[in-house]
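Take a look at the structure set out below.
Every read-out reported here was derived from the displayed coordinates using simple, explicitly stated rules and does not represent laboratory data. Worth saying up front: this structure is predicted, and the values here are computed from it rather than measured. Reconstructed Cβ throughout: ideal geometry from the backbone, glycine too, with neighbour counts over all protein chains shown.
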Amino acid sequence: MRHFVSAACGLWLAAAAPLQAEPVVVVELYTSQGCSSCPPADEFVAMLASNPQILPLALHVDYWDYIGWEDKFAHAKFTDRQRAYARAIGSRTIYTPQLIIGGADRIEGFAPEETADRLRAHLAAGTPVQLTVTRKGDRVVIRAEADPPLTEPVRVQLVRYKPRETVTIERGENAGKTITYTNIVTSWEMLEDWSGREPLEVSAPFAGDEPGAVIVQEDGPSEILAAARVD
C-alpha cells in the first residue's frame, strides 16, 4: 500500500513543482482513532504535508467514540463542520475517512489517485484573493485584497494545529495499533466576515508555539479562496 500511495503522490508532486508561488491548497481530513478504515488516510496526510503547497488538516470527529475508544483529539465542533459540508450539498450522510479539498471537492474513503487528480486541478487554478499573513509576537496581521472584488461576503478563519503526535490505541476497532497523526487541528476560529469589496486588514491573537493557518472561505461552507500558513 505504501508503494501505491507514494506513486500516486509522485503524480501531483511532479505537477506541482513549477507552481511554488501559487496559493496553498487546504485538504481537510475527517478522521477518527476509532475508525478502522482511517489509518491509510492518516498516513496519506503525512505524505501530503511534505509538499509546501498543500496544507492537510486532520479534524478528528467524535461520533465513533461510542464503540470503545475515545479519540483524544476529537471535538464535537469538527463533527458539526463536517455535517455543515454535507448539508451544503443536500446530504444527510457523513463519512470517515473523508477528504474535502479546497472546501469544494469531497472524497469519501481512501482514494489516492482521485485525490492526486483533484489536487492537480486546485494547484493549477487561480484565485481572485491575494492573502498575506504576518506574525508579530503574539498576534498575526492579516491582509487580503480581491481583484476583481467579490460579489458575496466570505469568512476569515484562524486554525491552529499540532504538527505530529503518536497514539497507542488500546480499545475499539484499531485496538493494538500505534498511529502517528499529522497536522491535528486543535481549534478552528471564525474571525470575521469580509465583504471582499475593499482591502482587508485585521489582527488576531496568536500565542504559543502551535503553527496555524488563515483561511478565507465562501459561506456554506464552500470553496476556499485563499489560505496561508502561520508559523
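List of remarks:
- For the stretch 32-37, putting each phi into the Karplus relation 6.51 cos²θ - 1.76 cosθ + 1.60 with θ = phi - 60° gives couplings of 7, 5, x, 10, 5, 8 Hz, in residue order, rounded to whole numbers and with x for Gly and Pro.
- Among the GluC sites (Glu not before Pro) in the stretch 161-197, those located in a DSSP loop and surrounded by at most 16 other Cβ atoms within 10 Å of their own Cβ are E170.
- Rounded, prolate or oblate (a/c below 1.5 giving rounded, otherwise prolate when a/b exceeds b/c) for the stretch 102-231 by Cα gyration tensor: oblate
- Scalar couplings 3J(HN,Hα) for the stretch 162-172, obtained by applying the Karplus form with A = 6.51, B = -1.76, C = 1.60 to θ = phi - 60°, are 9, x, 7, 7, 9, 10, 9, 8, 9, 9, x Hz; x denotes Gly and Pro.
- Across the stretch 214-231, coupling constants 3J(HN,Hα) worked out from phi with the 6.51/-1.76/1.60 Karplus curve, θ = phi - 60°, read 9, 10, 9, 9, 5, 5, x, x, 9, 4, 8, 8, 6, 8, 8, 6, 10, 9 Hz, and Gly and Pro carry x.
- Secondary structure note: in the chain, about 85% of the DSSP beta bridges are antiparallel.
- Neighbour counting of Cβ atoms within 10 Å sorts the residues V230, V185, V216, fewest neighbours leading, into V230, V185, V216.
- Inter-label distance for R229 and D209, nm, one decimal - labels placed 7 Å from Cα along Cα-to-Cβ: 1.8 nm
- In this structure the amide hydrogen of A226, modeled in the peptide plane, comes within under 5 Å of the amide hydrogens of V216, none closer than 5 places in sequence on its chain.
- Averaging the sequence gap over all C-alpha pairs within less than 8 Å and six or more residues apart, then dividing by the number of residues, gives the stretch 2-230 a relative contact order of 24 percent.
- Counted charge near A104, where neighbours are those whose Cβ lies closer than 12 Å (Asp, Glu -1; Lys, Arg +1): -2
- Distance from the stretch 99-114 to the stretch 48-73 (C-alpha centre basis), Å: 14 Å
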